[in-house]
Structures are given as structure tokens and as C-alpha cells.
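The values are calculated or read from the model by the stated rules, or taken from the named source; none is laboratory data. This structure is a prediction, so every number in the text was calculated from the model and none was measured. When we count neighbours, we look across all protein chains shown, and the Cβ atoms used for this are built from the backbone with ideal geometry, even at glycine.
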Amino acid sequence: MSLLQVDNVSKTFRGLKAVDDVSFTVEEGSILGIIGPNGAGKTTLFNCIAGAIAPDTGTVRLSGTDVTGAAPHKVSKAGMARTFQLMKPFGSMSVLENVAVAAMAHGTSRRAATDAAADVVERVGLSRWRDARADGLPTAGLKRLELARALASRPRVLLLDEVLAGLLPAERLPVMDLLETLRSQDGVTLVFVEHIMAAVMRLSDSVLVLEQGRVLTAGSPAEVTRDPRVIEAYLGEEPAGAGS
Amino acid sequence: MTDPTREHGAPPLDRGTVSTEEPPQTTQLTTPAPGGRRRAVAVRVAAVVAIAVVALGLAYWRTGNEVVVTQAVLTGLMIGGVYGLVAMGLTLIFGVLDIVNFAHGAFLAVALYITVEMVGRFGAHPYLALLVSVPLMFLLGAAVQRFILSGAMGKPLENQLLITLGLALLIDNGLLLFYGPNPQSARLPNDTGINVFGAVVTVGRLLAFAVALVLAGLLYLLLQRTRLGTAIRAVAANDSGAQMVGIDTRRIYMATFAIGTACAGAAGVLVAPLVTIEPTTGELFNIVAFVVVVLGGMGNVVGALVGGLLIGLTEQLGALYLPGQSPLLSVFIVFVLVLFLRPQGLFGRAA
Amino acid sequence: MRKPWIAAVAVAMPLTLAACGGSAPPGTEGTGGGEAGGSGDTITIGSLHPLSGAFAADGQQMDNGAQLAVDAVNEAGGIECLDGAQLELASGDTQGAPEVGQSEAQRLIQEGAVALVGTYNSAVSQNVAAVAERNQVPFVIDVSSADEILQQGYQYTFRLQPSAAVLAQRGAQYLAEVSEQAGDPAQQVAILHEQGPFGTAIAQGFTAEAESQGMTIGPVISYDPASVSDFTTQITAVREAGADVMMVAGYYRDGVLVANAVDTVQPGLDAVWGVANGAFDTPQFPGEVGDAGEGFFDANYRLDMTNEDTQALAELYRETHGDDIRTAAVLSYDAVQVIADALGRACSTDPTELRDAISETELDSLIAQDGPIAFDETGENENAAPILMQVVDGTVQQVFPSEYAETEPVYPASPNS
Amino acid sequence: MSTAVQSSEEPRALPRPPWGRHLAAVAVLAVLLALLPLVLAPAQQAVAVRVLIFALLALGWNIMSGFGGMFSFGHAAYFGIGAYVSVWLLVERGVSPWIGMLAGMVAAALFAALIGFLALRYRLKGAYFALSTFAFAEMLRLLATNSDLVNRAVGYNVPLRGESSWAFIQFEPGAAEYLWIALALTVAALVVTIVFLRSRLGRFTVAVRDDEDAAAALGIPVMRTKLLTIMLSAAITSVAGTFYVQYYFFVDPDVAFGSSVSIQAILPAVIGGVATIWGPVIGAAILGPLNDLTATLLRDPPPGLEFLQGRAGLDVMVYAVLLILIVLLLPQGVYGAIRERWERR
């Protein structure tokens, strides 16, 4: 049984098919990259999977359990965490509290949650901002905070929406390293949307290409980048950018 | 990289090649086709009319007397016109400045006393007070916005609420101080009744109703056909966007509040002959006006007029349905239903 | 890190300051009891009325009325058996709100008031009555109709104005008598009343008495006086039901609206019959509604304009305040007189002795009623009664019973016919 | 939003919340105020009790609207339920107001859950949410005014017992016990606020207020969190209602459910500082005496201003001007402004 199984999911907004009959599966411990031009429906697809919006048709299963259209907090309890492309910090709280709240939401006691949060904060490299108000963080800090909060909820599947965007190239590397250790050491399954092809090429076991809400193609990173339709979709721009 | 055996299988590719059967157009998201919108409005109008017909039927069944029902409808419409008039200024302020203005009733009270002064001092026809009240209230509104409310723009709801409440207290008690608590009146000369299907309506109410319609029309034209109106609508839709295209939003806030207050000025004069004038009279209209604003959709001048008519009818017919209960109860029931089912108002577009 | 400490101090400071400055009594001390000493002493009477807010018109009149009574007593030499002690009026503004009324009552008692008069609003009076009872300070209600106030078994509360029950019963009796005298007995009476305790009590009492007099009642329509803005629908319902008299129990603003609606709808009534109506017998009512109010009746407690003392007071009031005195202000005047009279008989400012003296009051009133002011064991003025008034030629005239009549009642009195 | 990739400025450090110190401050305040009856005359005590009732009301409001971010303009509903449930039990059934207080809390919390659920279910926000709470409070007022079950517009008098009784919260007029009980209730509400804030529910509430989507995605049950917060808020406010009736001996629909009650719940919190622990208490301590101060001032005006004496309406005008000035000049409230200045140093 696949850990995450998405079947025939569609979502229409006022006659516009944002996600059109998308299906894929993700095996436990693997990393799936989702790419596609702007407006291809990647974020909408994320929202459908994570329960933020209910799909019109189709099903989402997490280790066999149907979570289609379930409330986001239930999806989270079932073991799926996500980050937001536009960062959503709890502005009035400190970084540590932000992360601790996420741990608390998963049943950890307050004291244990604070300890766990301190570990996660350390791990994502936010230690120096531990006690800063979250709404005072720079973009790079907010991106890491998104990641830290998601991690604190101890997910089995982690949906990452452009966690690398807005970071300087030098800041990207430690994040990518972190994602790899998450999979290798913690056994977390990752699904991530990313524009930075270098990251996609490096991290993904397989890649799904979306265009206009539909799956254009899917396969290993190497296969996908050779696909002429993918190249066309990116308007001739060389998708398989310079390697790392 | 990780062990290739753990690599999951490719997603099942059970969909065909990419086709372009409905080219998505992002612009459609923001502006639906005008035809569709018109149709939607037509459907809503039809629904409202249908509900009204059922309501009338029930009222008739409840009273068993068609003259009473006719009178209720006629009175409801006349009062509703006044409610709409009061709500017009409020809805404009609510829509553009995003301020829940509790001082609107107090501004109306100021206009009532201006009318009393005009009638008392110069023996003028009450409605001539419009010539004084509207410009005066326009200036007052501009001053209040510029010197008091501008400091609260963008502040939390509770701060704005308390400031406008403070203003209302200030104005009401200022009137009490200057004019004393005795009720005043400004009656129309020769205000006779006109017979309509056995029911009656006074010339004064008809006149107030007609002027309400005219004012709504003028305000609508101002918003739709003038540069100022366009700028106001732009600020209402998106103030930071309006700022970016070079609109001086601070000026627009001031102008809008002034126009809204001038509407209260006009409403006050028109209402003056129909009510007993006391410092607190304006408060009577405030709550109902808020209900009307939500009903009509905030910022929607025509909606305010229609909402006012509906609330006038609700009040009158509600008194027939629920004798012994306050007519306000039925108004609030309608209000809550609208809030839940169509929070953008009967004639507003979905957010 | 000391913020919370600061907060605690910040909270405590204003509280303490307020406590020191907030209601510091100016120059007076001591509590309500104690014997008044030699001459030159002043005796404080507390006057609690709504001086601001929606009821300020009546409240200010009543405060003025109480002050005129104090002045009159002082001019006549003060309280004789207390060495001519002078009276002093301490006024409190209830704003028509019970909790403000309560704290103002508490303040006045604290400042040494030996008795209270007030308060106009029934809700406030209920509250002040409890305060007076608990502090054992006599409280003479000038205006407040709710029957419940004196049904609590209070020992220190007295009321001058007739209760709602008396007003309603007499209102119905007068209707029967006046319409029969005119040879056109009222048969079907519609009732239009405000839905508060006042209007409801009047409507119930009136219905009981009118039915025992052989009239039929219907339709009975209630309304919310705070929000009503038009009566044409209600008056149309009355017309369609074919009633020949309409009883109206309500306040000023709604009374004016009723008159306007009657003028518009022309319901063909023999009479519009107010009972304790807040509009129909006020001097400004005919001026405000013009011809629309001509012929309206009201059965209500009333200053007695056939009494010379009342006329003198009305004259004095017009001179002092440039306004026509209202009945409510005369009741406040009487209330202060009741206290002054009791002080004179008790020869003491001890509240218990003062209370006992008040309960034995027998004092002529400036109000038209059945006899002198005297209180029964619950504290009601047992001679309190309404008289009938009518708008005649644009002024309010006393018309019934005949001993109080300034002119004959006009019945039927179909307005504008 | 910070557009710069790197902000050279170090973000402001947020101190760990000093819960213990807050609680200690509450204890000090309690001791200070408990001594007040020794120095206050009864009339001044009445003002002090009124301040504490204001504070209770506003502490309740602050939980839902300050920390929870759900603006209520209808807290009169919960105040009124607390007042009516307890006085009904007392007058009709002879039940002690302490039990009535608990019953009122339960009833207010349940009603709050019902209307909160409806408003949240239909996703009302901001002014719309506020207007819906207002509408429900008004509907309760109108229903109580016309319902025989609760004596219509007449309302209830609390029967006098003629003797002091802790069980029935009735003492000599001006007795210190009233102040102590009001104080104990306010202190309890403060402690509840502090405990709430550091609890799981409190953390969730603030998270939901700051960003609802993120909170939900992290597994916080948004609806349940909001409803529990609303219920807690309603329960605290209902206590103010119960005590009000026992202290003032009287309640009617306007006193209990009138919109002025809702405003009195908001005022102290905004003046003192919304979403701060101490704001409502400080605001109440400023506002409570303000009304009396202006009235006293105008009753005996200082030399040179005698012409102001006895002008009806002027005291309220002064009050209104002060209110506007405070809100304009200290938009974060008095405590918020003090705290900000302190932190900046």
C-alpha cells in the first residue's frame, strides 16, 4: 500500500479547472517533486490534499485511510504536515512558541512540547531567533519557521510549498541537506513543489509535471527533463538547469 | 541519493495527452461576465419578490383584512424609504472607510435641529432647510474625518467603534445642552392624507419617499459617472491599489465621509416633519440603518434603498405576524438570516 | 521584568485616587441620622431625577419643582420645631439608569440626606427603594407607576402618584360615565398600549373595569415605544374592526405619532381616550400636532388648576424657568412638602421617627385627587386619583369629575369632523 | 512583510512570559484592594465595586475578542444570562446566588457556544461577526421584554433578607463584604486569564487568531478552540451579571441585555489595552470613577467656571471628549502604551 494515494482529484473555481483529474501515489520514505509553470494548479493540489479545500471529485488516501475533504487539523493528526508558500507565522508569538504550539497540537504536554520545539528550532538553524517575535523575522527565517512548525507535528508525510524560494543560494544548501536527513534519518516522506530545478534534480526520487491543472508527465527526474512536452511547457527555457 | 528500490512507482498515467478544452482565464475570476451578473441579480430580485408575495399572503391570512395589509405595506414602504435614506450615507462610509459609524444618527439629529432653527427663526418651509443642512453637514463631516477619524484609520474595529460612539455621545449631549430636553417639531404646512386602495398616506411621507428615491439616484450617478465617484469606488475596492494608480486616498476618505454625512443631513431634514425632535431621536434610526446596510450590501447605495424598503416592510408585517413582540425582533431575525446566508448583502457580489 | 508590578500599582492608584476625589462630599460629613442641632443648621433632602439622557425634559422639571418647594419652606421660616432649620436640596442625576441611580442615592445618603424624592423611571425607583430600605432612609416617590415597587414590603418607601391599577380603573369608569352622560355609551373599545410594564398594566386594569361596565374590548394592539415610527397600520386595524373608542396608554413621542396617524387614517372614532398618557395632557402636545389632537381625552393624575395655590406655583415656575410647569414637577414639589411636613411633626431628623411621621401624613395636595395626601400601610397615597382632561381649542382643559372641571367634556369628540 | 532578503536589524526579542510574576502581581493587588474598605466611605466603595464589575465584564470580553480576535459587540447577552438565570433561581426557587452563578455560567457558555457556532459556521468576520453578536443580544433583550417567564419588562427585585448572609450574598449597605466578593471574583478572573493564556487552549487560541490556516494545518482544531474560548469568555462575563444583580438588587431587560452593557464590556479593555492581561482592569479603574469625577466637577465647578454648574449634558460631553482623546492618543490602551515604553528602553 502506498503511503499517500491521490486518485482522480479535480477542483473547479467558477468554471476554471484549477486541478483536473490528477492521480499519483507516493511510497513511504520517498521524495516526490512537483513542478509546473505558474498557475499550473500546484498550490491548489496541495490544498486539496491537506484538507484546506475539499476537491470536487476524487479521493485522497493516507496509508489507506480516506482523508478526502477532511478538516485540515484532522489531516494533520493523521500524519500529514504542510508548509505555506506565503508564510503564515503566528506573529505575536516567539519562534519557540510557534513551534511548541505545533507540538502541543499533537498531544505532547506543554513542557515536553517546549523541549521538543527547542530541538526542532536548533535543527532548522533558528536558534539565534528562538525568542524573537515571529513577525519580525526576515524571509529566510520565516521559511525555516514554516519548516520547523511542520516538523514539530511529527508528520509521516510532509508537503512543502516552495520552501527554497526567496532564499539566497547559500541559504538553500543547508535546507536541502536537512530535507535529505529528514528522509534518511527520520523516515519522513516528502512531497514538494519547487521552481528551483537544481533542488528538484537533487532531491526527487520522481517528478510530477503539472500544466493547466493536469498531469503533463511523470517519471524520474532525468526522464522528465528530457520530455519535449515539458520543455515546451517551460517555453523553451532549459528546465534541467545547472546541477548543484 | 537513496536506495533505488525504495523509489516509488511512477504515478499511474491514466489520463490522455494534454488538451485545451477550457482555456483558463484568470481574469474571469475577478470580473464575471456582465450578463451572468445581471442574471444573478435578476434571480435574487425574483427570490425577494417571491418571499414578499408569500409574506403578504401570510399577513392576509393572519389578519383577514386586506385594507390592514395594504396599509401595512404602504406604511412599510414609506418608512422604508426613510430608512434607506439614512442608510445610504452609512453604507458609503462603511464601504469605503471600513468604519462602523455609530455617530451617523447623531449627525442626523444635528440636521433635525437645523430644520427646527430654519422653521423657527425664518418661518421657512421645512424642506428649504435642505439648502443649509446639506452643505453644512458636508463640511462637518469633512472636518470630523480630517481631525478625528483620520487618526483611527486602519486601527482595530474596537477603537473606531469607541471613537464614533464618543462622537455620538458628544453630539447628542451638545444638542441637549444648547436646545434643552423639550421635544421640538417642524411640521409641514397642509399635510393631508391621500387614499390608496382604502389605505392612506400623507403627502409628507410621499414627499420624503420621493426625495429619497431622487437622492439615491443622484448618489448612484455621482458614484458611476463622475471622476470622484470612480475614485471612491476604486478606494472601496482596494485602497492600496488605488493609491498605486495615483489616487489620493486620504482625500477620498474625507470626501466620502463628508458625502455620507451630507446624506444624513438630507435625511434629517426630510424626516424632521415626521418625528418628534429630541436630542436622542437620531439614535432610533442608527440600529435599523446598520441592518439595512448589511442587507443591501455595504457600499451599495441602491442596495441600501432596497434594503430600507424591505426592512420597513419587515417591521410592519412582522408586527402583524408576531403581535405582542417588538417589530424589531422580526427585523433582527431577518438580519441574522441575511448575515448567515448572504453576508455580502442581497445585492452585493460574493467576496 | 517588573511590568506586572507596575500594572498592579497602576490599577491600585487610580482606584485610590478616585476613592479620595471621586465622590468626596463637599464639606458635609456624618451619616443620615442624628439630631439636628440649633438654628442655622441645614437639613438635606436628596432629589434623584434623570437630568440628562432621554428623560431629561421631565427630570429637569421635577428637580426644579423640588427646589421651588425647598425655597418655599425656607421662605416660610424653615422647620419651626427644629429652630427654623433651613432645607437644602442635593440633586443627583440618575441618567435614567438604575445603577447610576443606585450610586447617586448612596452618595446623597452619604452626604447626609435625611430623605429622598424621585425618580420618574420605574426601574430606577425600584432600585432606589431598595437602597432606601437598606439604609433606613425615607424615600417619597413622586412619579413612577409600576405597582411592583410597593409590593416588596418596604417600610421606608411611599408613593404620591396613583398606581397603575387605580389609573386604569378610574380611566374606564370615567369613560363609562362621560359617554353615558352624552347619551352615546361607548360599546367597543380598542386598546393601543406600549408593551412595557406600564402600558401592559394599564391595559389589563382598563380591560377588567371596562368589561364589568358592559363594554367589549378589541382589538388589543401593543407596540414597542422605543422603536415605533408610524401608527397608520395599527390605526387602520382599529378602523377596520369598527371600534367606537380607542384607549391609548403610552409615552410622549408615540402619543404624537398616534395623533398624526389618527389624523391621516380617520378611523371614525367617538373618542381617543388616553389613560395616563404621556402626551395627550401635556401643554406642548396641542402645539406639536395642531388640529390632529383636538378633542383627545386623557385620564391622568394632574396638577389641580382650579386650586389657587397651584396657579400661584405655575405662575412662579413660568417666571423662574420660562416654561409651563408639568404635573410631574408639581408631584416633586408635593413630595418635598410631605417631607417638610413630617419633619415639622417629628421635630427630629432621625430617619425612623421621620418615617413614622410620613406614614401619618395628612397634607393638602396641589394635585387633583380624592382628598389630602395620606399613605396606606403599603405606602401608596390612598387618595391619589386621576382626573379627566381634554384638548379643547388647542389647550388642555380639566373636564371631569365636575368638582375639578374647568369646562364641560365634549363627547363624541371625533377629531377633524 | 519583510521584502529584504536579509534584515540587518536583529528582531526584537520577546521575553518569556513571566507568568509567575503576573500571578504575584495579582496577589499584591488583591491584598492592596482588600484593605480599601478601611479607608473608603460607603459611597466611594460603591464606585470601587462598580469598577470591579466593569473589570470582570471586560476581562471576559478580552478573552474572546482580545486574545481570541473575535470582536464581540454583544457581551450583554452573557451578562444578562448570568443576571437572569441567577435571579430567576433566587426569586422563583429560593436558590442561593452562588449556585445561580454557576448555573448562569453554564447557561451563558452554552448560549455562547450556540451563537458562536452559527457565526463561525457561516464564516462571519470582523464587523459582520460583531453585528451578529449584537443582533443576538438585542434579540434576547426583546424576548425578555415580552416573555411572561421572566416578568416581561418589569424584571426582578432581589428580596431583602433583613440580615447579612454569605450564602445569599446580602450584607449591610456599604458593607466591606461586597467589595471583598467583587474583588475575589475579579482576582479569580485574572488568574483564570493567566492560566488560560499559558494553557494549551490559550496557546491554540492565540495561534488561531494570528493565522487560522496555519493553525489548522498544524493540527489545531480551529472550531473547537474558538468555541471553547467563546464559552470561557461568556462564563466570566456572566459572573459579572450575577454579582451585578445581587449588588444592585434589581434587573430588567434593558439593564441586563441593553447595548450599553456591551459597550461597557468593550470600553475598559480598549482604554486599558486589548489582549493584555492587565488592560481590562486598568481600563476599568480609569473609567469607573471618570463618570463620577466629571459629574462631581460640574456639580461644584472650580472658580471661574460656575456658569457650567447644573448644565445637563455637559458632564457626558466631557466624558465623551476624554474617551475620544484616550482612544486617539493611546490606541494600544494605557497598559499597552506603558508596556511599549518600558520595552523600548
>> The conditions are (1) at pLDDT 95 or above; (2) within 14 Å of chain A (Cβ to nearest Cβ), and D:Ser199 fails exactly one of them. Which is it?
In response: (1)
> What are the residues in region A:130-160 that are small (Gly, Ala, Ser), closer than 15 Å to A:Lys88 by Cα and in contact with a helix residue (DSSP H, G or I) (Cβ under 6 Å, 6 or more places away or on another chain), if any?
Replying inline: A:Ala134, A:Ala140, A:Gly141, A:Ala148
> A:Phe90 versus (1) more than 10 Å from chain D (Cβ to nearest Cβ); (2) in contact (Cβ under 8 Å) with a residue 24 or more places away in the chain; (3) in a loop (DSSP other than H, G, I, E, B): which is the lone unmet condition?
Replying inline: (1)
>> Anything in region B:145-163 that is buried (at least 22 other Cβ atoms within 10 Å of the Cβ) and touching a residue at least 60 places away in the same chain (Cβ under 8 Å)? List them, or say none.
In response: B:Gln145, B:Leu149, B:Gln160, B:Leu161
> Before we move on, is C:Ile221 within 13 Å of chain B (Cβ to nearest Cβ) and touching a Leu at 6+ places or on another chain (Cβ under 8 Å)?
Replying inline: yes
>> I'd like to verify a number: residues in region D:236-250 that are in contact with a Phe, Trp or Tyr (Cβ under 8 Å, 6 or more places away or on another chain) and modelled with pLDDT of 95 or more, how many?
In response: 4
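Here's the yes/no breakdown for (1) under 23 Å from the mean Cα position of the chain (by Cα); (2) closer than 26 Å to B:Val119 by Cα; (3) at pLDDT 90 or above; (4) outside any helix (DSSP H, G or I):
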site	(1), (2), (3), (4)
C:Phe280	yes, yes, yes, yes
C:Met305	yes, no, no, yes
C:Leu313	yes, no, yes, no
C:Asp323	yes, yes, no, yes
> Out of curiosity, is C:Val245 more than 8 Å from every other protein chain (Cβ to nearest Cβ), of a type in the set (A, V, I, L, M, F, W, C), touching a residue at least 60 places away in the same chain (Cβ under 8 Å) and surrounded by 22 or more Cβ atoms within 10 Å (Cβ to Cβ)?
Replying inline: yes
> Can you find even one residue in region A:201-208 that is part of a helix (DSSP H, G or I), more than 9 Å from every other protein chain (Cβ to nearest Cβ) and farther than 26 Å from A:Ala78 by Cβ?
Replying inline: yes
>> Just to be sure I understand, how many residues within region D:251-281 are facing chain C (nearest Cβ under 9 Å), closer than 24 Å to C:Gln102 by Cβ and of a type in the set (Val, Ile, Thr)?
In response: 3
>> For the structure I just gave you, tell me whether B:Gly141 is in contact with a helix residue (DSSP H, G or I) (Cβ under 8 Å, 6 or more places away or on another chain), away from chain D (no Cβ under 14 Å) and under 17 Å from D:Ile324 (Cα atoms).
In response: yes
> Do we find that A:Pro72 is within 18 Å of the chain's Cα centre (by Cα), buried (at least 20 other Cβ atoms within 10 Å of the Cβ) and under 16 Å from A:Pro155 (Cβ atoms) in this structure?
Replying inline: yes
> Out of all the residues in region A:62-74, is one or more on the phi < 0 side of the Ramachandran plot, touching a Gly at 6+ places or on another chain (Cβ under 8 Å), assigned by TED's automatic domain parsing to the domain that holds A:Val193 and β-branched (Val, Ile, Thr)?
Replying inline: yes
> What are the residues in region A:123-180 that are part of a loop (DSSP other than H, G, I, E, B) and closer than 23 Å to A:Pro72 by Cα, if any?
Replying inline: A:Ser153, A:Arg154, A:Pro155, A:Arg156, A:Glu162, A:Val163
>> If D:Ala234 satisfies all but one of (1) more than 22 Å from A:Arg82 (Cβ to Cβ); (2) within 14 Å of chain A (Cβ to nearest Cβ); (3) among the hydrophobic types (A, V, I, L, M, F, W, C); (4) surrounded by 24 or more Cβ atoms within 10 Å (Cβ to Cβ), what's the number of the condition it fails?
In response: (2)
>> So, in region D:72-112, how many residues would count as being under 15 Å from D:Ala137 (Cβ atoms) and surrounded by fewer than 24 Cβ atoms within 10 Å (Cβ to Cβ)?
In response: 2
> Filtering region A:14-44 down to residues that are assigned to a strand (DSSP E or B) and more than 10 Å from chain B (Cβ to nearest Cβ), which residue is nearest to A:Asp186 (Cα to Cα)?
Replying inline: A:Gly33
> Considering only region B:128-144, how many residues are out of contact with any Ser or Thr (no Cβ under 9 Å at 6 or more places or on another chain) and either buried (at least 23 other Cβ atoms within 10 Å of the Cβ) or under 30 Å from D:Ala275 (Cα atoms) (or both)?
Replying inline: 0
>> Could you check region D:29-59 and list, in sequence order, the residues that are surrounded by 24 or more Cβ atoms within 10 Å (Cβ to Cβ), more than 10 Å from chain C (Cβ to nearest Cβ) and small (Gly, Ala, Ser)?
In response: D:Ala58
> Since C:His49 meets every condition but one in (1) away from chain B (no Cβ under 14 Å); (2) touching a helix residue (DSSP H, G or I) at 6+ places or on another chain (Cβ under 6 Å); (3) in contact (Cβ under 8 Å) with a residue 40 or more places away in the chain, which condition does it not meet?
Replying inline: (1)
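Matching residues to (1) modelled with pLDDT of 90 or more; (2) farther than 20 Å from C:Arg302 by Cβ; (3) in the same structural domain as C:Ala56 (by TED's automatic domain parsing); (4) in a helix (DSSP H, G or I):
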| residue | (1), (2), (3), (4) |
| --- | --- |
| C:Thr200 | no, yes, no, yes |
| C:Gln204 | yes, yes, no, yes |
| C:Gly214 | yes, yes, no, no |
| C:Ile235 | yes, yes, no, yes |
| C:Thr264 | no, yes, no, yes |
>> If I ask for residues that are acidic (Asp, Glu) and within 15 Å of A:Ala218 (Cβ to Cβ), which ones from region A:21-65 would you list?
In response: A:Asp21, A:Glu27
> Which condition breaks for A:Ser109 when tested against (1) out of contact with any His (no Cβ under 8 Å at 6 or more places or on another chain); (2) crowded, with 24+ Cβ neighbours inside 10 Å?
Replying inline: (2)
> Only one of D:Ala77, D:Ala55, D:Ala83 is under 20 Å from D:Leu232 (Cβ atoms) and touching a strand residue (DSSP E or B) at 6+ places or on another chain (Cβ under 6 Å); which?
Replying inline: D:Ala83
>> Please count how many residues of region D:124-148 are over 20 Å from D:Ser260 (Cβ atoms) and in contact (Cβ under 8 Å) with a residue 24 or more places away in the chain.
In response: 2
> Inside region D:185-211, can you point out the residues that are of a type in the set (Gly, Ala, Ser) and either within 19 Å of the chain's Cα centre (by Cα) or surrounded by fewer than 17 Cβ atoms within 10 Å (Cβ to Cβ) (or both)?
Replying inline: D:Ala188, D:Ala189, D:Ser199, D:Gly202
